[in-house]
Amino acid sequence: MKTVLVIGIGMFGKHLAKRMAELGNEVMVIDKNEERVNEMLPYVTRAQIGDCMDIKVLQSLGVNNFDICFVCIGDNFQASLEITSQLKELGAKYVVSKADREIQEKFLLRNGADEAIHPERDVALRAARKYSIQNVFEYFELSGDFSLFEIAVPSGWEGRSVKDVNVRLRYNINIVAYGPKGNLMPFTNAEHIFEKGEHLMIAGKASDCEKLVRLSK
């Protein structure tokens, strides 16, 4: 479990805070909009009304006690930039700030953000990869060229074991989950026999995964 502070609860901040709470984290949200704050009360550990452009408000939060501070302000980049900088000055351990453009991402990183995220761009890139390749049911880009793909079991693997196919050495990928669509389970058994209609979650370089995707047609 991590302690998480979410500053700004527009659409992105709201979904982020809810999901972080669902995953078992202790989440506090703060926004100057009372209606938004009240909406989040059932979902998070704490919800507070406040304008984080006021340094006294930030100081009162004890930002150094949170494992991660998210700055999710999308309609005022100047505020996002100043709050990001002030968080680091107050001793925040790790600051993740939302950017709407690449130039904003650069400024946020230069002004104290440990990481800047660009949700619209990231979703667009993920969608492009997912929908441009046939037979990919889900796709996640983890870091650099390392990705996860959900694919159907290649027909040539049906009735054979993972060990027999020699997946890791032959294809340079790892199988991390398997099972029926929508109900994948962690993969732990090298003796597992591949079945027709089964789905796999594979991990590796995108180029290696795409080669295997072509086999699953």
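All of the numbers you see were taken from the coordinates with simple rules; none came from a lab. Model, not experiment: these values are computed from the prediction. Here the Cβ positions follow ideal geometry from the backbone for every residue, glycine too, while neighbour counts run over all protein chains shown.
Of 114, 67, 145, the residue with the greatest mean-square motion in the GNM of the chain, using alpha carbon springs below 10 Å, is 145.
With the simple spin-label model, which puts each label point 7 Å out from Cα in the Cβ direction, the residue 94 to residue 137 separation comes to 3.1 nm. For the range 122-215, the spherically averaged projection of the C-alpha convex hull amounts to 5.7 nm².
For the residues 172, 33, 189, a GNM of the chain with alpha-carbon springs under 10 Å puts the largest fluctuation on 189. Put simply, the range 3-117 fits an ellipsoid with semi-axes of 20, 15, 14 Å; these come from the alpha carbon gyration tensor as the roots of five times its eigenvalues, largest first. Separation of the range 185-209 from the range 68-86 is 40 Å, based on Cα centroids.
Going through the range 61-137, which trypsin sites (Lys or Arg not before Pro) have at most 16 other Cβ atoms within 10 Å and a DSSP loop state? Here the trypsin sites (Lys or Arg not before Pro) that fit, given the DSSP loop and packing criteria, are 93, 101. Under 13 Å between alpha carbons, and skipping anything fewer than 8 positions from residue 196 in its own chain: which aspartates and glutamates qualify? Excluding near neighbours in sequence, the set is 158. Averaged over residues, the count of other Cβ atoms within 10 Å places the peptides 72-85, 157-170, 191-204 in the sequence 72-85, 191-204, 157-170, highest first. Extension gain, residue 60 to residue 3: 0.36 nm times the residue separation minus the Cα-Cα distance gives 18.9 nm.
At a Förster distance of 35 Å, what's the computed FRET efficiency of residue 15 paired with residue 190, Cβ-Cβ distance as r, to 0.05? So the FRET efficiency works out to roughly 0.40.
Look at the alpha carbon pairs under 8 Å that are at least 6 residues apart: their mean separation over the length of the range 1-75 gives a relative contact order of 42 percent. Pairwise Cα distances in the chain exceed 30 Å for 40 percent of all pairs.
Calculated mean residue ellipticity, 222 nm, the chain: -10500 deg cm²/dmol, from DSSP H runs (n ≥ 4) at -39500 (n - 2.57) each, averaged per residue and rounded to 500. Modelled this way, with points 7 Å down the Cα-to-C-beta line, the labels at residue 183 and residue 34 are 4.8 nm from one another. Remark: the residue 45-residue 26 segment gains 6.2 nm on full extension, using 0.36 nm per residue and subtracting the alpha carbon distance. Annotation: amide H of residue 94 within the under-5 Å range of 69, sequence separation 5 or more or interchain, hydrogens built in the peptide plane.
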